[in-house]
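K.L.:
A single structure is presented below for examination.
Just so you know, all these numbers are worked out from the coordinates, no wet-lab data involved. The model shown is predicted, which means the values in this text are computed figures rather than measured ones. As a convention, Cβ positions derive from the backbone with ideal geometry for all residues, glycine included, and neighbour counts pool all protein chains shown.
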Amino acid sequence: MRLDKIFSFVDECDIFADIGCDHGYLSKAVADSGKAKRIICTDISEKCLSKAKELLGSRAEYRLGDGFEALGDITPDVAVISGMGGNTVLHIVGERKIPTLIVSPQGDVCKVRNSLTRSGYKITEDEVVKEGKRYYDVIKLSPGSQDLSDLQCEFGVFFDRGTPEFVERLQRDKQNLLSYKNTPQNLYKLELIRRAEECLR
């Protein structure tokens, strides 16, 4: 599941920030594990923060606000932004350099990879997970520089590992595209899939 994969990417740290924490399930897993000395949950929804507080109690701090702005001058060692659109993820990150940043965007994933690696981050982990019938990308980054190929941008930096989840999603996307009209965009995506399949052989 997605939260399990995100949790596995969280390193031991002094300050962990759950940006847009929703009900706090990820922060609870971090608290239970002892990975972080200090946990800060942020959300723009007072209702979500209340749910997180019910779950975690005094084991975390709670900040109402938009993204990292809710943290004030605090820079976390590890921060997670999950379950938001790609443009929202990029807006929240802005120019900040977080030692370990973990994102799981809902859409525009290629744009997120491209933008973050062009603005001072490098991708250290990049995996596809399946939850129910949906697939999610979970990406771990740290400050640095990195040039991505078009295939890495579209499918993930380590797509050539050919994990079962990645291959399954690739085949699903291929079948969907073959049923659509032959627009230039769809033909381009089919060509990327063909090239990715070549790399996996």
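K.L.:
Suppose R0 equals 22 Å; then what is the FRET efficiency for residue 25 and residue 134 from their Cβ-Cβ distance, rounded to the nearest 0.05?
P.N.:
After rounding to 0.05, the efficiency reads 0.80.
K.L.:
Here is a further query. So how do 104-116, 168-180, 132-144 stack up, highest first, on mean other-Cβ count within 10 Å?
P.N.:
For the peptides 104-116, 168-180, 132-144, the packing ranking is 104-116, 132-144, 168-180.
K.L.:
Roughly speaking, what % of Cα-Cα pairs in the stretch 120-161 are separated by over 15 Å, rounded to a whole number?
P.N.:
44
K.L.:
Still on this model: Kindly state, to the nearest 0.05, the FRET efficiency for residue 44 paired with residue 87, given R0 = 22 Å and r defined as their beta-carbon distance.
P.N.:
Once the sixth-power term is evaluated, E becomes 0.90.
K.L.:
With both bridge residues required to lie in the stretch 2-146, what share of the DSSP beta bridges run antiparallel, to the nearest 5%?
P.N.:
40
K.L.:
Have a look at the DSSP beta bridges in the stretch 75-201 and tell me what percent are antiparallel, nearest 5.
P.N.:
Around 70 percent antiparallel, to the nearest 5.
K.L.:
Let me ask another. For residue 36, which sequence-distant residues (separation of 5 or more, or a different chain) have an amide H within less than 5 Å of its own amide H, given hydrogens modelled in the peptide plane?
P.N.:
When sequence neighbours closer than 5 places are left aside, the close amide H contacts are 13.
K.L.:
Let me ask you something else. Could you grab the relative contact order for the chain? Cα pairs under 8 Å, six or more apart, rounded to a whole percent.
P.N.:
Dividing the mean separation by the residue count of the chain yields 15 percent.
K.L.:
Cα centroids of the stretch 141-201 and the stretch 121-135: how far apart, whole angstrom?
P.N.:
Rounded to whole Å, the Cα centres lie 13 Å apart.
K.L.:
Applying the Karplus parametrisation 6.51 cos²θ - 1.76 cosθ + 1.60 with θ = phi - 60° to the phi angles of the stretch 90-104, what ³J(HN,Hα) value in whole Hz is obtained for each residue in order, glycine and proline being reported as x?
P.N.:
5, 4, 5, 5, x, 9, 5, 10, 9, x, 9, 10, 10, 10, 9
K.L.:
Sticking with this one: Just add up the charged neighbours of residue 24: K/R +1, D/E -1, any other residue whose Cβ is under 14 Å from the Cβ of residue 24.
P.N.:
-1
K.L.:
Please give the calculated 222 nm ellipticity per residue for the chain, where each DSSP H segment of at least 4 residues contributes -39500 (n - 2.57) and the sum is spread over every residue; nearest 500 deg cm²/dmol?
P.N.:
So the helix-based figure for the chain works out to -12500 deg cm²/dmol.
K.L.:
If amide hydrogens are placed 1.01 Å from N in the peptide plane, which non-local residues have theirs closer than 5 Å to the one on residue 85?
P.N.:
106
K.L.:
Regarding the stretch 6-49, what whole-number volume in Å³ per residue does the convex hull of its Cα atoms give?
P.N.:
58
K.L.:
Additional query: Based solely on C-alpha atoms, express the radius of gyration and the Dmax of the chain in angstrom.
P.N.:
In order Rg, Dmax, the Cα atoms of the chain give 17.7, 56 Å.
K.L.:
Can I ask one more? Contour minus end-to-end for residue 186 and residue 172, with contour as 0.36 nm per residue of separation and end-to-end as the Cα-Cα distance?
P.N.:
3.6 nm
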